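See below for the structure under consideration.
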Amino acid sequence: MSPDLDPRQNRLLAALPVEHLARWLPALEPVDMPLGAALYESGVAMSDVYFPCTSIVSLLYVMEDGASAEIAVVGNEGIVGVAVFMGGETTPSRAVVQSAGRGFRVRGQWLRNEFERSAPVLHLLLRYTQALITQMAQTAVCNRHHSLDQQLCRWLLLSLDRLQGSELAMTQELIANMLGVRREGVTESAGALQRDGLISYRRGHITVLDRAGLERRTCECYAVVRKEYDRLLPVVTAQ
């Protein structure tokens, strides 16, 4: 086990009963998760699942013409690869690292066995999946009914919730790809947030200066998603 990477940095792993976490430790492989790395592709059977600790992963739907839009974001609160234990094995989306960092990888078959043999693991992963579905549904509603300014605030807040600190390494072009909008729109919205003192943007780095201001400016979608994750995944630290 890497000395500088603790499984309890991931909220799901931290919520495991201590005896379960002890059994999991030999199966947890520390991995680097570099920016832009694809953890799985659309329609391809998943052999591994990932527990991000210091990275963020975007679940993207890619159209036939190459256009893409983010349907959910996963960080230190969750797991990438729910299709493995839900029985589907594949999904139409693809998973791409949007913020570089590290995490743990587990063989898919091993996790499926744990899911089937252990009630605490089954219930924890099903609760997480319910929270993830809520995020996907709320993202669809937000993209349809709310302004780009509100969507950007929601996206920044969800990303911050999954990282330590207040800085994101993210270009406006990448944000536009995630939100499925034109880069010019992101430039205008980010500029407005910067002028109002909510963020600072410089050379691909976004620093949030006023989180409370972002929360006031965003739509209700962020609060709905945050509340559901907090309700279904209480913070429990393994001892």
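The values are calculated or read from the model by the stated rules, or taken from the named source; none is laboratory data. Keep in mind that this is a model prediction, so the values were computed, not measured. Note that we place each Cβ from the backbone using ideal geometry, even for glycine, and neighbour counts take in every protein chain shown. Heads up: the accessible areas ignore ligands, DNA and RNA and are worked out on the full protein's heavy atoms, side chains in. Shrake-Rupley method; radii C 1.70, N 1.55, O 1.52, S 1.80 Å.
For region 12-31, does any single residue satisfy the condition of being in contact with a strand residue (DSSP E or B) (Cβ under 9 Å, 6 or more places away or on another chain) and at pLDDT below 90? Reasoning before the result, please.
Taking region 12-31 and keeping what is in contact with a strand residue (DSSP E or B) (Cβ under 9 Å, 6 or more places away or on another chain), we get 12-13, 24, 27-31.
From what's left, at pLDDT below 90: none.
Scanning region 12-31 turns up no residue that is in contact with a strand residue (DSSP E or B) (Cβ under 9 Å, 6 or more places away or on another chain) and at pLDDT below 90.
When the residues of region 189-206 are narrowed to those that are open to solvent by 90 Å² or more (accessible area, probe 1.4 Å) and not in a loop (DSSP other than H, G, I, E, B), which ends up nearest to Ser99 (Cα to Cα)?
Taking region 189-206 as the starting set, the residues that turn out to be open to solvent by 90 Å² or more (accessible area, probe 1.4 Å) are 195-196, 202-203.
Add one more test, that the residue is not in a loop (DSSP other than H, G, I, E, B), and what stays is 195, 202.
Values: Arg195: 25, Arg202: 16 Å.
That would be Arg202.
Got at least one residue in region 65-76 being modelled with pLDDT under 90 and either in contact with an Asp or Glu (Cβ under 8 Å, 6 or more places away or on another chain) or within 16 Å of Gly101 (Cα to Cα) (or both)?
Among the residues of region 65-76, not one is modelled with pLDDT under 90 and either in contact with an Asp or Glu (Cβ under 8 Å, 6 or more places away or on another chain) or within 16 Å of Gly101 (Cα to Cα) (or both), which makes the answer no.
Cβ-Cβ distance below 9 Å, separation of 6 or more or different chains: which pairs start in region 212-239 with a residue that is over 17 Å from Ala137 (Cα atoms) and at pLDDT 90 or above and end on one that is small (Gly, Ala, Ser) and part of a loop (DSSP other than H, G, I, E, B)?
Pairs that qualify, where the first residue is over 17 Å from Ala137 (Cα atoms) and at pLDDT 90 or above and the partner is small (Gly, Ala, Ser) and part of a loop (DSSP other than H, G, I, E, B), are Gly213/Gly197.
What number of residues in region 118-133 are open to solvent by 30 Å² or more (accessible area, probe 1.4 Å) and not hydrophobic (A, V, I, L, M, F, W, C)?
Filtering region 118-133 down to residues open to solvent by 30 Å² or more (accessible area, probe 1.4 Å) leaves 119-120, 122-123, 126-127, 130, 133.
Now narrow it down to the ones that are not hydrophobic (A, V, I, L, M, F, W, C): 120, 123, 127, 130.
Number of matching residues: 4.
Hey, can you tell me all the residues within region 100-150 that are more than 24 Å from Met170 (Cβ to Cβ) and of a type in the set (Asp, Glu)?
Scanning region 100-150 gives Glu114, Glu116.
Of these, Leu179, Leu168, Leu209, which one is among the aliphatic types (A, V, I, L, M) and either under 23 Å from Gln9 (Cα atoms) or open to solvent by less than 10 Å² (accessible area, probe 1.4 Å) (or both)? Break it down into steps so the answer makes sense when it comes.
Details: Leu179 fails: either under 23 Å from Gln9 (Cα atoms) or open to solvent by less than 10 Å² (accessible area, probe 1.4 Å) (or both); Leu209 fails: either under 23 Å from Gln9 (Cα atoms) or open to solvent by less than 10 Å² (accessible area, probe 1.4 Å) (or both).
Within the list Leu179, Leu168, Leu209, the selection yields Leu168.
Residues that are open to solvent by 30 Å² or more (accessible area, probe 1.4 Å): list the helices (runs of 4 or more DSSP H) wholly contained in region 1-117 that include at least 3 such residues. Break it down stepwise before answering.
Working: elements: 11-15, 18-24, 83-86, 108-117.
Once the helices (runs of 4 or more DSSP H) in region 1-117 are filtered for at least 3 residues that are open to solvent by 30 Å² or more (accessible area, probe 1.4 Å), what remains is 18-24, 108-117.
Quick check, is Ser200 over 30 Å from Leu21 (Cα atoms) and not aliphatic (A, V, I, L, M)?
Numbers: over 30 Å from Leu21 (Cα atoms): yes; not aliphatic (A, V, I, L, M): yes.
So Ser200 passes the test.
Any residue that is assigned to a loop (DSSP other than H, G, I, E, B), open to solvent by 30 Å² or more (accessible area, probe 1.4 Å) and either aromatic (Phe, Trp, Tyr) or under 17 Å from Leu148 (Cα atoms) (or both) - is there at least one of those in region 220-227?
Applying the first criterion (assigned to a loop (DSSP other than H, G, I, E, B)) to region 220-227 yields none.
The answer is no, given that none of the residues of region 220-227 is assigned to a loop (DSSP other than H, G, I, E, B), open to solvent by 30 Å² or more (accessible area, probe 1.4 Å) and either aromatic (Phe, Trp, Tyr) or under 17 Å from Leu148 (Cα atoms) (or both).
Return only the number of the condition from (1) buried (at least 20 other Cβ atoms within 10 Å of the Cβ); (2) over 21 Å from Leu59 (Cβ atoms) that Val186 does not satisfy.
(2)
Return the total of residues in region 150-164 being part of a helix (DSSP H, G or I) and either free of Cβ contacts under 8 Å to residues at least 24 places away in the same chain or surrounded by fewer than 18 Cβ atoms within 10 Å (Cβ to Cβ) (or both). Full working, then the answer.
Filtering region 150-164 for residues part of a helix (DSSP H, G or I) gives 150-161.
Next cut, either free of Cβ contacts under 8 Å to residues at least 24 places away in the same chain or surrounded by fewer than 18 Cβ atoms within 10 Å (Cβ to Cβ) (or both) only: 161.
Matching residues across region 150-164 total 1.
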